[in-house]
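Enquirer: My structure is below; once you've seen it, I'll send some questions.
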Amino acid sequence: MTDDGEVQLNRQQGEMKMRLYFASQKRVSTTYKTPYGVIPIETLTNKINISKKDMPISAKVEVDYLLYSQEKIVGEYKIRLQFTA
C-alpha cells in the first residue's frame, strides 16, 4: 500500500508469478509468468478503499477490478483484506 492510495499484490505458486497493481480508475499493465511463457495482463481498478490505523497497526483494503488479457476482459474480481499486527 502506498500513501497515494495504490496497492500492489504479489502472488506466486510454484513457477507461476503475478504482480498486480491497483490504482483508482487507472488501467495498469503487468505480466503473468507461467511455465509456458509470459502473458501480458492489465488491471482496471473500479474501486479502491484503504483504511489504516496505527495503534494497533491494522488495515482494511477493498479492491474491485477488471482483469484484461490481450484487450479482452478475463474476469471481474473483488479483493477484501483485513489485518492486525
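Enquirer: With 23 Å as the limit, write out which pairs from Lys17/Lys78; Lys52/Lys78; Lys17/Lys72; Lys33/Lys72; Lys33/Lys60; Lys17/Lys52 have Cα-Cα distances beyond it, or answer none. Don't skip to the end; give the middle numbers.
Expert: Details: Lys17/Lys78 19 Å; Lys52/Lys78 19 Å; Lys17/Lys72 21 Å; Lys33/Lys72 18 Å; Lys33/Lys60 28 Å; Lys17/Lys52 28 Å.
Distance filter (> 23 Å) returns Lys33/Lys60; Lys17/Lys52.
Enquirer: If R0 is 30 Å, what FRET efficiency do you get for Ala85 and Thr30 from their C-beta distance, rounded to 0.05?
Expert: Values: r = 27 Å, r/R0 = 0.91.
For R0 = 30 Å, the calculated efficiency reads 0.65.
Enquirer: Ranked highest first by the average count of other Cβ atoms within 10 Å around their residues, in what order do 53-65, 72-84 fall? Kindly include the intermediate steps, with their values, before the conclusion.
Expert: Numbers: 53-65: 13.2, 72-84: 10.6.
Output ranking for 53-65, 72-84: 53-65, 72-84.
Enquirer: Considering the convex hull of the alpha carbon atoms of the chain, report its projected area averaged over all viewing directions, in nm², one decimal.
Expert: Numbers: hull surface 24.2 nm².
Result: a mean projected hull area of 6.1 nm².
Enquirer: Another question, then. What relative contact order, as a whole-number percentage, does the chain give when Cα pairs under 8 Å and 6 or more residues apart are counted? Could you put the intermediate results ahead of the total?
Expert: On the way: 190 pairs, mean separation 16.7, N = 85.
Averaging sequence separation for qualifying contacts and normalising by length gives 20 percent for the chain.
Since every read-out is calculated from the coordinates, none of them should be taken as a lab result. Here the structure is a predicted model, which means the values were calculated and not measured. Neighbour counts run over all protein chains shown; Cβ positions are idealised from the backbone, glycine included.
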